[in-house]
Amino acid sequence: MEKTEYISLNKLIDSYSSWKHYLLSVKYIILGFIAVGAAIGTSASFLIPPQYTANLSFAIQENDKSSGLSSLASQFGFSLGGSDNGAFGGDNLYELLMSRALVEKALLSPVDIDGKKENLLNIYLTTYKYNNEWKTSSNPKLRELDYPIDQDRKTFTRSQDSVFKIVCEEILLKRLTVKKRSKKLSIGDVSFTSQNELLSKLFVENLMQETSSFYVDTKTKLARSNYLKLINQTDSIKHEYENALAARAGLADQTMNSVRQSSTVGLIKKQTDIQILAGTYIEMKKNLEIMKLSLDKETPLIEIIDNPVLPLEKHKFGKIKGFILGSMVSAFLAILVFTSLYGYKKIKEYNGAGE
């Protein structure tokens, strides 16, 4: 016959009272755990270095390519491309800021610190004591690892690439934050947090500068290329015009004393060429100026609203916070451990009674 056991309310109350009595019997041990946890938490406030956050805000202003500029370019057989330049639409600037390629450029861009040129990569490695780990490494290549400020990125060794990759991933995962304030606004914020106040400030400034240059150059690459082609064509017409003037002067000298009308035919042809070339050159020069003004107007503008200013926002793990957090964690762990021991003891007693 199957035996069914019912747990009454009285049994629950008795179990709770028994558990409470057990915890009270070991309260001094629990208090000892709490004291140790509080001491560890307070000590952590002295051991954990402060973090500095640099914040930079910016706005994007873009203009679509006007039909006037497109039609002007088409007159000379050029195309200005699509209006959104594909993957480089406005919102994708935020993704570019989080790209490894631009983070690398920001780290390798030289900065001036106390009159000395340095790159942020070396400052980052020193801040987080990577250099100290290399000195004790069994790998001789790692012990001699360095990132000279004038070294080309393409010449990095395998060891340099490996460390550089780790640093970039660490920045993208832990230290760099990029966000858009709202869907309606074209204002964004870039934040970088590190243990080095100057590193945080210089990094966001470098990153914004590199991203802005890359973004604008890419958005206007085709249009600027066509503008340069038109400049070359205009210069060619000017060169032909000047040659025609020189040739006309030579023919004029040859026919100066001639009484034959046929000798002036070449001079008349050359004069006609000069008039055509002069008109073409004037028109191309005018269109070139219009194209330049339109191109400048339609180049996207990334305007910095707020730059990081020293002293930066400082995040410190405070003593009170460490004391409270250490006490709470140690109290929870102590109660959990003794509750588990109490439960294990009761299970053994129940199994012993059953036998």
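Among the residues of region 22-38, which ones are assigned to a helix (DSSP H, G or I) and either touching a helix residue (DSSP H, G or I) at 6+ places or on another chain (Cβ under 7 Å) or surrounded by 17 or more Cβ atoms within 10 Å (Cβ to Cβ) (or both)? If you could, list the steps in order and put the result at the bottom.
Here is the first cut: in region 22-38, the ones assigned to a helix (DSSP H, G or I) are 22-25, 27-38.
Passing the criteria: Tyr22, Leu23, Ile30, Phe33, Ile34, Val36, Gly37, Ala38.
Does region 1-18 hold any residues that are at pLDDT below 75 and part of a helix (DSSP H, G or I), and which are they?
Kept after step one, since they are at pLDDT below 75, are these residues of region 1-18: 1-16.
Residues satisfying the conditions are Leu9, Asn10, Lys11, Leu12, Ile13, Asp14, Ser15, Tyr16.
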Residue ranges of helices (runs of 4 or more DSSP H) in region 100-213 with at least 3 members at pLDDT 90 or above and closer than 23 Å to Asn55 by Cβ: 100-108, 120-127, 158-170
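Can you find even one residue in region 126-141 that is assigned by TED's automatic domain parsing to the domain that holds Ser57 and in contact (Cβ under 8 Å) with a residue 40 or more places away in the chain? Before you say what the answer is, go through the steps one by one.
As a first pass, look at region 126-141 and keep what is assigned by TED's automatic domain parsing to the domain that holds Ser57: 126-141.
In the following step, the residues that additionally are in contact (Cβ under 8 Å) with a residue 40 or more places away in the chain were identified as 127-128.
Yes, region 126-141 has at least one match.
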Lone unmet requirement of (1) touching a residue at least 60 places away in the same chain (Cβ under 8 Å); (2) within 24 Å of the chain's Cα centre (by Cα) for Leu230: (2)
Flag if Leu222 is in a helix (DSSP H, G or I), out of contact with any Phe, Trp or Tyr (no Cβ under 7 Å at 6 or more places or on another chain) and free of Cβ contacts under 8 Å to residues at least 60 places away in the same chain: no
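The values are calculated or read from the model by the stated rules, or taken from the named source; none is laboratory data. Since this is a predicted model, take the numbers as computed values, not measurements. A quick note on method: Cβ atoms are made from the backbone with ideal geometry, for glycine too, and the neighbour counts reach across all protein chains shown.
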